[in-house]
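Working notes for the structure below.
The values are calculated or read from the model by the stated rules, or taken from the named source; none is laboratory data. Just so you know, these numbers come straight off a predicted model, no measurement behind them. Neighbour counts run over all protein chains shown; Cβ positions are idealised from the backbone, glycine included. Remember, those area values only see protein heavy atoms, side chains included, never the ligands or the DNA or RNA. Shrake-Rupley method; radii C 1.70, N 1.55, O 1.52, S 1.80 Å.
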Amino acid sequence: IIKPMRPPILALALLAATASARQAPFVKPALAARAKSSSSVQSSKSALDVTSALTTTDVNTNIAIRGGDDDASLSMSARFKIGGYFSLWYILNVVYNILNKKYLNVISAPLTVGSLQFLVGSLYCIILWTTKLRAPPILTPSGKTAVNKVGFYHMAGQELSMMSLNAGAVSFTHIVKALEPFFSAMVSGVIFGKWMNPVVYATLIPVVGGVAYACLKERAFSWLAFYTAMGSNLAFALRAVVSKSALDASGGELGENLTSVNLFGIVTCYAFIQSIPLFLMGEGLS
């Protein structure tokens with residue numbers, strides 16, 4: 001808000017008072033004093049009125065600028081961008097599950113395949129960090145604890161997904177894993193006490209009903225595939241909620257250079273380390 005210029009306003013007030021004094025007839029000193037006092041009060045009121053008008057005009061102008069069409073266009077572009085990310089994620093997830101099923105048809109070792117995927121992702125991030133193509137992250141002790149927990153949930157969700165794909169049809173696993181948003185919403189409310197708008201839960205009802213109906217009509221139904229897919233949903237929901245809560249509550253105390261990409265890279269490294277004893281005990285050298 002632009003501050004009003006007081007000197008010009010006072011000058012106008014003085015000119016108005018001088019003009020009125022010249023035009024006023026001769027009166028007694030007492031009456032002149034009263035008239036002068038009244039004129040000063042009126043001049044002051046006029047100055048305040050002008051100042052108030054200028055201030056109000058500036059405020060209204062600023063509000064109009066801030067709430068104009070530019071914000072609306074930015075909001076729409078942001079919505080389209082998020083929608084594009086969702087579409088891309090869904091398409092790549094379908095391709096990812098199909099490729100995993102093909103690999104598992106050749107090598108029936110879901111824990112080993114999942115761990116190797118963690119290894120590839122970890123090596124990719126380490127190369128970027130060592131070559132300085134991306135600023136390497138630095139974790140504090142509290143940051144290591146938080147990332148270790150998120151890495152465990154990430155590892156569990158990935159390995160359970162691989163087990164589900166190995167036990168049943170890829171379409172069946174993909175249908176069950178469509179419940180992941182429902183698990184995220186419930187975990188956020190039940191475990192962390194962060195409930196969402198009831199409309200959000202209402203929109204998930206058709207998803208739950210559709211998955212239940214598809215499971216009932218599935219000819220190649222497998223309880224192992226169903227339980228592991230549901231466990232994967234729970235693990236990934238915990239990963240999402242815990243990582244979001246840790247970042248919101250950290251206030252920068254987790255470390256440095258913790259962008260979303262770097263954080264996912266560190267989580268992948270921790271998940272690979274934690275998956276090593278799991279696939280060695282579960283599948284060994286077979």
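Worth pointing out:
- Failed criterion for Ala202 (all others in (1) in a helix (DSSP H, G or I); (2) over 24 Å from Ser122 (Cα atoms); (3) open to solvent by 70 Å² or more (accessible area, probe 1.4 Å); (4) free of Cβ contacts under 8 Å to residues at least 12 places away in the same chain hold): (3)
- Set side by side, the residues Phe236, Phe172 differ, and just one is in contact with an Asp or Glu (Cβ under 7 Å, 6 or more places away or on another chain), under 21 Å from Gly121 (Cβ atoms) and either at pLDDT below 90 or of a type outside the set (Gly, Ala, Ser) (or both), which is Phe236.
- Tally, over segment 136-155, of residues that are outside any helix (DSSP H, G or I) and surrounded by 13 or more Cβ atoms within 10 Å (Cβ to Cβ): 4
- Filtering segment 243-286 to residues that are within 20 Å of Pro141 (Cβ to Cβ), modelled with pLDDT under 85 and open to solvent by less than 40 Å² (accessible area, probe 1.4 Å) leaves Ser243, Ser245, Ala246, Ser250, Leu254, Gly255.
- Residues (surrounded by fewer than 15 Cβ atoms within 10 Å (Cβ to Cβ) and either of a type in the set (Ser, Thr, Tyr) or closer than 18 Å to Glu180 by Cβ (or both)) located in segment 216-227: none
- Among residues of segment 138-155 that are in contact (Cβ under 8 Å) with a residue 40 or more places away in the chain, those with a beta-carbon under 7 Å from a residue that is surrounded by fewer than 17 Cβ atoms within 10 Å (Cβ to Cβ) and of a type outside the set (Lys, Arg) at least six positions away or on a different chain give the pairs Ile138/Glu256; Ile138/Asn257; Thr140/Glu253; Ser142/Glu253.
- Residue check, Val211 surrounded by 13 or more Cβ atoms within 10 Å (Cβ to Cβ), part of a helix (DSSP H, G or I) and in contact (Cβ under 8 Å) with a residue 12 or more places away in the chain: yes
- Candidates are the residues of segment 85-117 that are over 29 Å from the mean Cα position of the chain (by Cα) and hydroxyl-bearing (Ser, Thr, Tyr); the one that is most open to solvent (accessible area, probe 1.4 Å) is Tyr103.
- Which listed residue is at pLDDT 90 or above and of a type in the set (Val, Ile, Thr), from Val94, Val59, Val120: Val120
- If you go through segment 137-172 and pick out every residue that is hydroxyl-bearing (Ser, Thr, Tyr) and in contact with a Phe, Trp or Tyr (Cβ under 9 Å, 6 or more places away or on another chain), you end up with 3.
- The one condition from (1) part of a helix (DSSP H, G or I); (2) among the small types (Gly, Ala, Ser); (3) open to solvent by 10 Å² or more (accessible area, probe 1.4 Å) that Ser164 does not meet is (3).
- Any chance Ser188 is in contact with a Gly (Cβ under 9 Å, 6 or more places away or on another chain) and either at pLDDT below 85 or open to solvent by less than 70 Å² (accessible area, probe 1.4 Å) (or both): no
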